[in-house]
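The values are calculated or read from the model by the stated rules, or taken from the named source; none is laboratory data. Keep in mind that this is a model prediction, so the values were computed, not measured. Backbone-built Cβ (ideal geometry, glycine too); neighbour counts: all protein chains shown.
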Amino acid sequence: MDTERTRALGSRLLTMVTGHVMTMLVNVGHTTGLFEAALRGPATSAGLAQRAGLDERYVREWLGAMVTGEILDFDAATGLFTLPPEHAPLLTGATAANIGPTTGMLRMLAGLLPEVERCFTAGGGVPYAAYAAVAGEGLGATWRHIYDEQLIDGFLGRVPGLHDTLQAGARVLDLGCGTGHAINLMAQAFPASEFVGLDIATEAIALGEAERAAMALPNARFVVGDAAELAADPPFDVITTFDAVHDQRSPAAVLERVRGALAPDGVFVMVDAKFSSRLENNIGNPHAPLCYGISLLFCLPTSLADGEGAGLGAMWGQELACEMLAAAGFDDVQVIDSPRAQNCTYICRAAELGASAGSGRQQGGPPDV
């Protein structure tokens, strides 16, 4: 037996276990405002606790982990704790770089772990409503700042001609819109266009509608419904989806409905995970373990929740995605990089869209968008 290999794994496992604990404590720093308090300058544990309005003894223990975990600096002579300026962008602020919302998402997934474990023996899945109940106000938080910084110029701006289309006025649908922040940002940026957000989760749609009302956006609205039952009339000029197709119970049917719901010369913009369908091709990709894990803890269970889902998972990969898009009738698919290393963007069109889509359109039917 190769004992060095055993030692190497032991070292990695220690790093993993430590990382798990530190992830929880980073989330504590995010939710309690400790990182934001530390951003105001060096402080003792008592001073930091006072700034954040917290109990000093708990803050002191948290600081011990932050210092030994090399996240905060400590000056033993003065007793001052400092958040290094190089670390601050990753831990503070309403930006896509802030890891705080991601730690909250992982905390939420941990809360549903017993339910996922049950699926290993009983099969089936976990309904989205169960995740929404655990997430609470944090529902959709992981993508919120990403949309704020990268949606308009990053994701949409990289699609040739899309900004011009939206500025001129288009009918746009976002499938699996979640809490609707992307829809509301697009409606704000392109007032000449009409935007519809569709999601099966009533909790998420309610949050999107509340934000729309607060932002006073007359050109946006939200509909609760299953994307696999998407009505095709009236058609859409643009259909978008962000990390949502692989979560669907019937993704093949969704893609067919999307094609049928596009107007002639319409475009389907699908943002999804940037990985291979083949496991061996993902070995060595630093984002792969995390994405496989999130897929197991969320994407797979929600797809299989009713026992009949496809269960694609987030790691369905570019090869299978292109095959399924072609099977749905998209014969012109371009795959481009997105602003995020772990995502890519599929720009999908069909050469005969106008002629073929009309004959297959569903008149009325749920959801009426």
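Being modelled with pLDDT of 95 or more and in a loop (DSSP other than H, G, I, E, B) holds for only one residue in 51, 40, 60, and it is 40.
Cβ-Cβ distances below 8 Å connect the following pairs, each with a first residue in region 73-92 that is modelled with pLDDT of 95 or more, a second residue that is among the charged types (D, E, K, R) and surrounded by 16 or more Cβ atoms within 10 Å (Cβ to Cβ), and a separation of six or more residues or different chains: 92/36. Only one residue in 290, 304 is among the hydrophobic types (A, V, I, L, M, F, W, C), surrounded by fewer than 22 Cβ atoms within 10 Å (Cβ to Cβ) and closer than 19 Å to residue 132 by Cα. Which one? 304 is the lone residue from the list that is among the hydrophobic types (A, V, I, L, M, F, W, C), surrounded by fewer than 22 Cβ atoms within 10 Å (Cβ to Cβ) and closer than 19 Å to residue 132 by Cα. Residues in region 168-189 that are out of contact with any strand residue (DSSP E or B) (no Cβ under 8 Å at 6 or more places or on another chain) and hydrophobic (A, V, I, L, M, F, W, C): 168, 185, 189.
When region 260-298 is filtered for residues that are aliphatic (A, V, I, L, M) and part of a helix (DSSP H, G or I), the ones remaining, listed by number, are 261, 279, 288, 290, 294, 296, 297. Filter region 102-126 for residues that are touching a Gly at 6+ places or on another chain (Cβ under 7 Å) and assigned to a helix (DSSP H, G or I); which is nearest to residue 142 (Cα to Cα)? Across region 102-126, the extreme among qualifying residues is 104.
Listed by position, the strands (runs of 3 or more DSSP E) enclosed by region 139-246 that each have at least 1 residues that are surrounded by fewer than 19 Cβ atoms within 10 Å (Cβ to Cβ) are 171-175, 194-199, 220-224.
Is there a residue in region 48-63 that is of a type in the set (Gly, Ala, Ser) and surrounded by 15 or more Cβ atoms within 10 Å (Cβ to Cβ)? Scanning region 48-63 turns up at least one residue that is of a type in the set (Gly, Ala, Ser) and surrounded by 15 or more Cβ atoms within 10 Å (Cβ to Cβ). Evaluated against (1) surrounded by 11 or more Cβ atoms within 10 Å (Cβ to Cβ); (2) free of Cβ contacts under 8 Å to residues at least 24 places away in the same chain, residue 11 falls short on exactly one condition, (1).
Residue 249 meets the stated requirement of being under 27 Å from residue 301 (Cβ atoms), surrounded by fewer than 23 Cβ atoms within 10 Å (Cβ to Cβ) and of a type outside the set (Ser, Thr, Tyr).
The number of residues in region 116-138 that are crowded, with 20+ Cβ neighbours inside 10 Å and not hydrophobic (A, V, I, L, M, F, W, C) comes to 3. Only one entry in 161, 125, 140 is assigned by TED's automatic domain parsing to the domain that holds residue 249 and without any contact (Cβ under 8 Å) to a residue 24 or more places away in the chain, namely 161.
Only a single criterion out of (1) at pLDDT below 95; (2) more than 22 Å from the chain's Cα centre (by Cα) is not satisfied by residue 142, namely (2).
Residue by residue, here is whether (1) outside any loop (DSSP other than H, G, I, E, B); (2) of a type outside the set (Phe, Trp, Tyr); (3) over 19 Å from residue 240 (Cα atoms) holds:
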{"position": "300", "(1), (2), (3)": "yes, yes, yes"}
{"position": "305", "(1), (2), (3)": "no, yes, yes"}
{"position": "315", "(1), (2), (3)": "yes, yes, yes"}
{"position": "323", "(1), (2), (3)": "yes, yes, no"}
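Among the residues making up region 1-36, a single one is assigned to a loop (DSSP other than H, G, I, E, B) and within 26 Å of residue 142 (Cα to Cα): 33. Given the criteria in the same structural domain as residue 257 (by TED's automatic domain parsing), more than 25 Å from residue 98 (Cα to Cα) and among the aromatic types (Phe, Trp, Tyr), does residue 155 qualify? Spelling it out, it is not the case that residue 155 is in the same structural domain as residue 257 (by TED's automatic domain parsing), more than 25 Å from residue 98 (Cα to Cα) and among the aromatic types (Phe, Trp, Tyr). Every test in (1) assigned to a loop (DSSP other than H, G, I, E, B); (2) assigned by TED's automatic domain parsing to the domain that holds residue 308 is passed by residue 86 save one, and that test is (2). When region 269-287 is filtered for residues that are surrounded by fewer than 19 Cβ atoms within 10 Å (Cβ to Cβ) and among the small types (Gly, Ala, Ser), the ones remaining, listed by number, are 276, 277, 284.
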